[in-house]
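Input: one structure, supplied below.
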Amino acid sequence: MRALVLGGAGAVCKETTRDLALTSNFEEIAVADANPAAVERLLKEIGDRRLKPLAFDAGDYDAMLRLFPQYELVVNGLPFQYDLVVNRACMETGVNGLDLSSLEEQFGMDAAASAKGMIFVPGVGATPGVTNLMVAKAAEQLDRLDTVEIAFAAFRSLAPAPGLLTTTLWEFDPEEEARQAAVYEDGAWHYSPPLSGGKRFPFHELIGEQATYFVPHDEVFTLPRSYPSLRQASVRGCFPPRVMELMSALLHNGILGLDTIQLDGRELPALEAVRALLWQNPVSKLNPVWAYGLVVEVTGEKAGRQLLHRYRNHHPPQREWGGEAAYYKNVGLPLSIGAQLIARGEVNGHGVLPPERAFRVDSFFEALAVRGIQIEESVEELAA
């Protein structure tokens, strides 16, 4: 079987490529990227003959339609702006695939993908991804799900890669029409502005307790559809304190809300100017602690008892996982695990399915544990 890894030499997905080379049985792994030099360095470092370099232009849809049928699986590690187009190309060509995040429109291709007997799983990273499966673990043990609260602490620099800087700016975008809903409650999705809904969560020992805020994330859309009894679902998140302080200042002083700016007689999109400034600032690449924290709290009923299932991840520190890799592995390794489960046919059906419906939880968590990511579970009974 042959796998095609898009963005396979990028900041996040290079950890996917490394893990596929280390743990998978693929006969060939094509590393497709717009940066040939990065691909060459990565392949030389890994030294696996199954890895093949491939120049790739994510803006060329017709090229995707010609390329994808040469492989049995497409592993999409590109920035989220390409999720829909890659998913559509997989569906049109009938090639299985998965990616790191998702757009609601992707699930509109479910029936067409199912009719072709293929599967595409959007959002197989840390959050979404591992968080969805934490909820699925609780669902296996409860008769009814009532509420889900997801929290993440993405401890990385502000701009380790262009795509990740774009993600951060999007999560703080004050324009309602530019953001997805952040909260699901009583049958409807609701917009919540940046830095609202503050709540503290205790993450693992590398990060500790942090204040988190509502973030528009994929889980808020898929979980209520997967578990119709849910009355409420939300995702909160945070970045390191230095990043939160900077983004808060930009937001509260109106910088992120500007449409355009004038510079030397030229009119520029304000957000593009902010992005360029932050990307070129060396401080934006620095961060003392690289880690990823996840906490998921699920309430529901079991045999008439009200229960709280709480999940928390743990992973090796940066001194063991190689500095920045202590962040990237938490995103890239789940993508590799999901790819290998799809390749082995260890999935729950066909179509465009979210992680909580596509994968068997225990198999996924066992694979995480082998790679050093542990999922802690606790259960407590709530007062009636």
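Taken together, the values in this text are just the output of simple stated rules run on the coordinates, not laboratory data. All of these numbers come straight from a predicted model, not from anything done at the bench. Cβ coordinates were reconstructed from backbone atoms using ideal geometry, including for glycine residues, and neighbour counts include every protein chain displayed.
Given H placed 1.01 Å from N in the peptide plane, which residues other than close sequence neighbours of Glu324 have an amide H under 5 Å from its amide H?
none
Also: What residues have an amide H closer than 5 Å to that of Ser229, excluding those fewer than 5 places away on the same chain, when H is modeled at 1.01 Å from N in the peptide plane?
The answer is Leu145.
Rounded to the nearest 5, what % of DSSP beta bridges with both residues in the chain are antiparallel?
Percent antiparallel among DSSP bridges in the chain is about 60.
Quick one: which residues, 5 or more positions from Thr260 or on another chain, have an amide H under 5 Å from its amide H? H modelled 1.01 Å from N in the peptide plane, none for Pro or chain starts.
Ala270
What relative contact order, as a whole-number percentage, does the chain give when Cα pairs under 8 Å and 6 or more residues apart are counted?
Details: 800 pairs, mean separation 77.5, N = 384.
RCO, the chain: 20 percent.
Kindly provide the helix-only [θ] at 222 nm of the chain, computed as the sum of -39,500 (n - 2.57) over DSSP H runs of four or more divided by all residues, to the nearest 500 deg cm²/dmol?
Computed mean residue ellipticity for the chain: -10500 deg cm²/dmol.
Right, next: With the chain treated as a Gaussian network of Cα nodes joined by springs under 10 Å, which of Leu250, Leu43, Leu84 yields the largest mean-square fluctuation?
Leu250
Could you tell me the largest-minus-smallest coordinate of the C-alpha atoms of the range 143-218 on each of the three principal axes, in descending order and whole angstroms?
That works out to 40, 36, 21 Å along the principal axes.
By what distance, in whole Å, do the Cα atoms of the range 277-351 stretch along each of the three principal axes, largest value first?
55, 35, 30
Also, quick follow-up: Not counting the cut sites, what is the longest span of the chain without trypsin sites (Lys or Arg not before Pro) that DSSP labels loop and that have at most 12 other Cβ atoms within 10 Å?
Value returned for the longest uninterrupted segment is 50-343.
Continuing with the same structure: Report the normalised scattering of the chain as log10 I(q)/I(0) at q = 0.08, 0.12 Å⁻¹, calculated by the Debye formula with identical scatterers on the alpha carbons.
-0.40, -0.93
Let me know the whole percent of all Cα-Cα pairs from the range 232-334 that are separated by more than 24 Å.
I get 50 percent for the Cα pairs in the range 232-334 exceeding 24 Å.
Excluding the sites themselves, what is the longest stretch of the chain that contains no GluC sites (Glu not before Pro) in a DSSP loop with at most 12 other C-beta atoms within 10 Å?
On the way: sites that count: Glu27, Glu175, Glu205.
So the longest stretch without any such site is 206-384.
May I have the pair-distance distribution P(r) for the range 68-147, computed from all Cα-Cα distances with 5 Å bins from 0 and rounded to whole percent?
It works out to 3, 16, 23, 20, 17, 11, 7, 3, 1, in whole percents.
Around Thr299, with a cut-off of 9 angstrom between Cβ atoms, what is the net charge of the other residues, counting Lys and Arg +1 and Asp and Glu -1?
That sum, taken over residues with Cβ under 9 Å, equals -4.
Any idea what diffusion coefficient the range 195-292 gets from Stokes-Einstein, in µm²/s, Kirkwood Rh on alpha carbon pairs, 25 °C, 0.890 mPa s?
150
Within the range 59-79, find all residues whose amide N lies under 14 Å from a label point positioned 7 Å from the Cα of Met1 along Cα-to-beta-carbon.
Within reach of a label on Met1, which here means backbone N under 14 Å from a point 7 Å along Cα→Cβ, the range 59-79 contributes 71-75.
What ³J(HN,Hα) values, in whole Hz, does the Karplus curve 6.51 cos²θ - 1.76 cosθ + 1.60 give for the range 354-359 when θ = phi - 60°, with x put for Gly and Pro?
Result, rounded to whole Hz: x, x, 5, 9, 7, 10.
What percentages, rounded to whole numbers, describe P(r) for the range 21-103 computed over all alpha carbon pairs with 10 Å bin width beginning at zero?
17, 49, 31, 3
Over the range 257-315, one equal point on each Cα, no solvent: what is log10 I(q)/I(0) by the Debye formula at q = 0.27 Å⁻¹?
Summing over Cα pairs of the range 257-315 leads to -1.06.
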